[in-house]
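What follows is a short report on a single structure.
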Amino acid sequence: MALLTFLVEDNRTIRDNLIPALEELANTDVVGFASSENEAVEWLASHAADWHFLIVDLFLESGSGLGVLRACKDRKNSQRAVVLSNYVNADIRERCLALGADAVFDKSRELDAFFDYCKKLFDGLV
């Protein structure tokens, strides 16, 4: 069974490259995506049981990934939410974790760690 994934990313180029990489490297099935906070929050509210893995960028078309994290803080224990952003520093990492992120990755420096996390999540090791 694939890891049902919802992606919150407003950059089309990144989405277009990330989705096939996730499907190939981590056996995920991207069930949807959003490019704004409101769109993501609405989808998550209406599909609360339809995902295993949430990937969130911080800077979106409108709103913020922080609002998305806040909105899904009470998700099931089996659901994981991670931040994948170009804007990660110690303060942002701490804030994301406090809002319920299970992990935070920098797109420019931690892609290998991100994909390792995805593989471990699929294998049930996270």
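The values are calculated or read from the model by the stated rules, or taken from the named source; none is laboratory data. Just so we're clear, the structure is a prediction, and the values are computed from it rather than from any experiment. Every residue, glycine among them, receives a Cβ derived from its backbone with ideal geometry; neighbour counts consider all protein chains shown.
So the values come out like this:
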quantity	calculated
Residue within region 22-33 that is part of a loop (DSSP other than H, G, I, E, B) and over 13 Å from the mean Cα position of the chain (by Cα) present	yes
Within region 8-18, tally of residues that are farther than 16 Å from Gly65 by Cα and crowded, with 17+ Cβ neighbours inside 10 Å	1
Subset of region 82-111 [within 11 Å of Gly65 (Cβ to Cβ) and of a type in the set (S, T, N, Q)]	Ser85
Residue, farthest from Lys73 (Cα to Cα), within region 1-47, restricted to residues that are at pLDDT below 95 and of a type in the set (S, T, N, Q)	Asn27
Thr5 vs. criteria among the hydroxyl-bearing types (Ser, Thr, Tyr) and either within 20 Å of Gly124 (Cα to Cα) or surrounded by 18 or more Cβ atoms within 10 Å (Cβ to Cβ) (or both)	yes
Options Asn27, Asn86: the member that is of a type outside the set (A, V, I, L, M, F, W, C), in contact (Cβ under 8 Å) with a residue 60 or more places away in the chain and in contact with a Phe, Trp or Tyr (Cβ under 9 Å, 6 or more places away or on another chain)	Asn27
Among residues of region 1-21, those that are in contact with a helix residue (DSSP H, G or I) (Cβ under 7 Å, 6 or more places away or on another chain) and either assigned to a strand (DSSP E or B) or more than 15 Å from Leu84 (Cα to Cα) (or both), counted	5
Glu94 vs. criteria more than 15 Å from the chain's Cα centre (by Cα) and of a type outside the set (Val, Ile, Thr)	yes
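Residue-wise test of (1) among the small types (Gly, Ala, Ser); (2) in contact with a Ser or Thr (Cβ under 8 Å, 6 or more places away or on another chain).
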residue: Ala2; (1), (2): yes, yes
residue: Ile14; (1), (2): no, no
residue: Asn17; (1), (2): no, no
residue: Ala21; (1), (2): yes, no
residue: Asp50; (1), (2): no, no
residue: Leu60; (1), (2): no, yes
